[in-house]
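Asks: Quick one: the structure is below, questions incoming.
Read-outs: derived from the displayed coordinates by stated rules, not from any lab. Please read these numbers as outputs of a predicted model, since none were measured by experiment. We place every Cβ from the backbone using ideal geometry, glycine too, and count neighbours over all the protein chains shown.
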Amino acid sequence: MRTRVVSQIINQDRRQLLTTVAMGVAAAGAASLFPASAVKAVTGEAIRPFRIKIPENDLVDLRRRLAATRWPERETVADDSQGVPLSTMHELVRHWQTDYDWRKVEARLNALPQFITEIDGLDIHFIHVRSRHDNALPLIVTHGWPGSIIEQLKIVDPLANPTAHGGSASDAFHLVIPSLPGYGFSGKPTETGWDPPRIARAWIVLMKRLGYARFVAQGGDWGSPICNEMGKLEAPELLGIHVNLPGTVPAEIFKLIAAGDPPPSDLSAEERRAFDQIKLAFTKRRAYALEMGTRPQTLYGLADSPVALASWLVDHGDGYAQPAASITSAVLGRTVNGHSAGDLTRDDVLDDITLYWLTNTGVSAGRIYWENKINLYVAANVPIPAAITVFPGENYQAPRSWAEKAYPKLIYFNEVDKGGHFAAWEQPALFSTEVRAAFRSLRQSH
């Protein structure tokens, strides 16, 4: 149980960090004003300042490996049905090797306060940006695969500083954006067990360690089941969640999909659409997940070849369809199959891929599929207040009728007209607007 003295120390540290961020001081300076020793002395759990500095030799080695790529022959079809086309990879690698600059995103990351703390025996890396606005609501945002914290960079300022982006000061958030175990600069588990429920418990610990007595959580892709699991813990500090890949499918409906049976005749048009979308996803677009879910260690090429890593992350199992279509559109510089890249650029994609390469996390990031025992699509049955935004380019469009049963305390449900699986990356302004709206009703209890 924290004492009043502990609270005063943590609050003082917060005010110091807030002042630093508002003045635009670099992350190293901000970190120095959040004294790890003070936190460690009181809680026994250090929060250590972190700054990225990739050795130049690692970048030279990356370019050398790209130049030395042994290419396969061209695909034997005129489309992407066999995977990422050779011409696409040739052009992406040419740009990666000659024009791309990792130092730009490294500087963007280092402009934000970053920290590492050990939770349950594993180092967890996270960004922690406190808003300058009074009564900002603490929010933890979780990325997925093949993403990283880079997915969230475009939403940091809109959420922490809403008045600069057409929002109200009353909609401000203090942001905590962690790297999943085995991703980016977080530690790589050396034991089994780091599944969504365990990560959910770790995120509760992280937010409480930062001194937040009330907070909310948001997630897409793997972040969605992690948020669902956080909700199931019913920690008194967690006010509610917002997800953009909700688990809503009734168990009996999913059994029909898994068996290859036809849909029930009494489904509504929205439910039938969702049924067909999920059936397509599980019959045509799951090869990548099956490989990582059964034999992740076999993917040695992801650690040895940057081209193998890039093609694996870009394809995401379905190329010109969803959820990879926006990434493919960004790489090609044009809209493919009707799925716009939105604000996502080729260099954004390469920032993410290069982070995987430089941290050698291609294999470790995939192990969450092996660890996972949760069906991400089946009704989550979350007992706390929950909000859902349905993006048209998501794997499936969750029907409200299913959502209301899977999330019995549904406080917000909205279908938007653009954006896909990587919503924060593709449509950061719309995504930020949705997050503000999703949690607005919970702020009075904060």
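Asks: Per-residue counts of other Cβ atoms within 10 Å, averaged by peptide: what ranking do you get for 186-192, 122-128, highest first? Could the numbers behind the result be given before it?
Replies: Numbers: 186-192: 14.6, 122-128: 21.6.
Those peptides, ordered most packed to least, come out 122-128, 186-192.
Asks: Which one, V435, W71, Q397, projects farthest toward the positive side of the charge dipole computed for the chain from Cβ point charges (K/R +1, D/E -1)?
Replies: V435
Asks: Running a GNM on the chain with Cα contacts under 10 Å, which residue among R295, R285, R64 ends up with the highest mean-square fluctuation?
Replies: R64
Asks: How large is the convex hull of the C-alpha atoms of segment 142-196 per residue, in Å³?
Replies: With only Cα atoms used, segment 142-196 gives 93 Å³ per residue.
Asks: Roughly how big is the chain's charge dipole about its Cα centre, with Cβ charges of +1 (Lys, Arg) and -1 (Asp, Glu), in debye to the nearest 20?
Replies: Using Cβ point charges on Lys, Arg, Asp and Glu, the chain gives about 1240 debye.
Asks: Using per-residue counts of other Cβ atoms within 10 Å, averaged over each peptide, order 167-173, 345-351 from highest down.
Replies: Highest to lowest by the protection proxy: 345-351, 167-173.
Asks: Give, to the nearest whole percent, the P(r) tail of segment 303-428 beyond 24 angstrom, counting all Cα pairs.
Replies: Summing the P(r) tail past 24 Å for segment 303-428 gives 40 percent.
Asks: Translational diffusion coefficient, Stokes-Einstein: compute it for segment 298-376 using the Kirkwood radius over C-alpha pairs as Rh, at 20 °C and 1.002 mPa s, and state it as an integer in µm² s⁻¹.
Replies: Approximately 160 µm²/s, per Stokes-Einstein.
Asks: Let me know the Rg and Dmax you get for the chain when you use only its Cα atoms, in Å.
Replies: My reading of the Cα-based Rg and Dmax gives 21.4, 69 Å.
Asks: Further question on the same structure: Work out the charge dipole of the chain with +1 on the Cβ of Lys and Arg and -1 on the Cβ of Asp and Glu about the Cα centre, then indicate which of G184, A213, V307 is farthest towards its positive end.
Replies: A213
Asks: Beyond 20 Å between alpha-carbons counts as too far, so tell me which of K154/K409; K255/K405; K232/K373; K53/K104; K255/K279 fall in that bin.
Replies: K154/K409
Asks: Within 10 Å, count the other beta carbons around each residue, average over each peptide in 46-56, 212-222, and list them highest first.
Replies: Top of the packing list down: 212-222, 46-56.
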